[in-house]
1. Each residue of segment 338-349 in order: what ³J(HN,Hα) in whole Hz does its phi give by Karplus 6.51 cos²θ - 1.76 cosθ + 1.60, θ = phi - 60°, with x for Gly and Pro?
2. Using Cβ contacts closer than 10 Å as the measure, can you line up ARG24, ARG90 from fewest to most?
3. Over all distinct Cα pairs, what is the inverse of the mean 1/r for segment 75-216, reported as the Kirkwood hydrodynamic radius in Å?
4. If you filter segment 298-401 for trypsin sites (Lys or Arg not before Pro), then keep DSSP loop positions with at most 11 other Cβ within 10 Å, what is left?
5. How do TYR138, TYR126 line up, fewest other C-beta atoms within 10 Å first?
6. How would you rank HIS330, HIS274, HIS268, going from fewest to most other Cβ atoms within 10 Å of each one's own Cβ?
7. Around LEU299, under 11 Å between beta carbons, what's the net of Lys plus Arg minus Asp minus Glu among the other residues?
8. Taking 0.36 nm per intervening residue step and subtracting the Cα-Cα distance, what contour gain separates ALA28 from ALA109 on full extension?
Amino acid sequence: MGRNGTPLRAESPAGVPAALPAQRRTLAVLVFSQVLSGAGLAAGITVGALLAEEMLGSTGLAGVPSALFTAGSALGAVAIGRICQRRGRRPGLALGYGAGALGSLGVVAAAALGSAPLLFLALLVYGAGTSTNLMARYAGADLASPARRGRAVSTVLFATTLGAVVGPTLVTATGQVAHAWGIPRLAGPFLLATLAFGAAAVVLAALLRPDPLLLARELAQESPEPGADGGAEQTAARTDRRGLVTGTTVMVLTQLVMIAIMTMAPVHMRAHGHSTQAAGLVIALHVGAMFLPSPLTGLLVDRIGRTRVAAAAALTLLGAGALAALAPPHSVPALATALVLLGLGWNFGLVSGTAMVTDALPQDRRASAQGLVDVGIALAGATGGMSSGLVVALGGYPVLALAGGVLALAVVPVLALTGRRLRATPATSATPDAAHAGLGEQGYAR
C-alpha cells in the first residue's frame, strides 16, 4: 500500500495497473476545479486593463495590471512548485487558489477605496491564482504515459473553457452587483473571481486524493523501468536539456505575444467607441479559443509530434497579429477573429511546450523544475503586459499586433535546431498509464 492508501502494483491479467482509477479520479477532480477557476482567470483578462485605466487615468499605464498579475504568477509558480515538490500537488494547488481568492478580494477593496497601491499589491497576489490555473495541467500529466501526455494536459486545459468563457460575458451582471454594493462596476468580475478561486481551492483540498505526484513517485520506486537504475525514460530525461530549453522557449514566446496583444484589445476597442460588453464578448471568444481546442491539440501533439504543433503555434500567432493590425477598428467580427486566432496559437504552444518539458524531466525534480519553467512564462507575460500599453501609446494597436506576430516566428529557428532530436526520442512506459494506452514504447513524435 502507498502512503495514500492505494495499492502500488495490483495488476490485472491484462497488465493494467490499479493506479489507472487514480488517474481517472485525478482528471475528474482537476476538471471540476478548472471549471470553477476559469471564471476567476477571466476577471483580470477582461477588465484589469480597463480598471487600471479608470483608476490611474492613463492609457500608457493600462498594461500595468497584466504585468503585475503575471509577475505575481511568477512568484506563485516558484512557491507552488516547491510546495508540490515537497508535499504533493494537492496542498500546492489548493494554497495557490486560496491566494488567488485573497488577491481578488483585495482588488475589490482597492477599487472601493480608490487606492492604487492596494490595487497593485492585490494584483500581485491575484496572480498566484492565475499561475495555479496553468500549473494544474502538470498534475494531469503526473500519472500519464509519454504517449498520452498531450491528451492529459489538454483535458485539464479544456476544463477551463466553461468558466473562462462564461466569466467575460458576466461583466455587465457582476458590474451591476458591484454598483449595488457601492463598488465601481469594473470591480464586479473580481467579486466572481473571489468565489471561483475559493471554491476551486476547497475542491482540490478535499477531493484530490490520492495525490497524483506522490503516487507517481511511489509507482516509479516500486517498479523502475528496465535499464540502469531508474529506467530508460528517467535516464534520458536527465540529459535532455535541449528538450527542456525548447519546450520552455515555445511557451515563453507564445505567452509574451498572446499577453501583449490580448491585454490592449479591450482598450483599443473602447477607444473606438465599442462598449465594455462588446469587449467582454471578444475576450470571451479569445479565452474560448485558448482552451476549447485543447482535446484536438493534445491528440495532435501525441500523434504528429510536439515540434510540428509548436511550429503551427508560431504561424497561427503571426496570422493573428497581422489580422489584428489590419482589422478595421470599428469591426467587432474582424477583431474577434484575430483574437480567436491568438488564443488558438497560444493553445498550440502551451500544450506542445508542456509535453516537451514534462518529457525532459525526471520524477525526482519534475514539480520544482516545472514551477521554474512557469516562472519564465509568467515573466514573459509580465513583459508583454507592461510593454503593450507603452507600445500602443507610442505607435498604436496595429504596431503592437504586427510586432507580436513577427516575434512569434522566433519559435521556428529554435525548433529547426532541436526538432530532429525531439522526433527521435522514444516514448517509454515509465508511468502506470502506458499499459492501458497500449502504446508501449512507440515513438510519440513521429
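Since every read-out is calculated from the coordinates, none of them should be taken as a lab result. Computed from a predicted model, the values in this text were never measured in an experiment. Neighbour counts are summed over all protein chains in view; Cβ atoms, including those assigned to glycine, are modelled from backbone coordinates with ideal geometry.
1. Result, ordered by residue: 4, 6, 5, 4, 4, x, 5, x, 4, 4, 4, x Hz.
2. If I rank by nearby Cβ atoms, fewest first, I get ARG24, ARG90.
3. Radius from the Kirkwood sum: 15.9 Å.
4. Counting only loop positions with at most 11 other Cβ atoms within 10 Å, none of the trypsin sites (Lys or Arg not before Pro) in segment 298-401 qualifies.
5. So the residues, fewest neighbours to most, are TYR138, TYR126.
6. Details: HIS330 11, HIS274 18, HIS268 24.
Fewest-to-most ranking of HIS330, HIS274, HIS268: HIS330, HIS274, HIS268.
7. +2
8. Gain on stretching ALA28 to ALA109: 25.8 nm.
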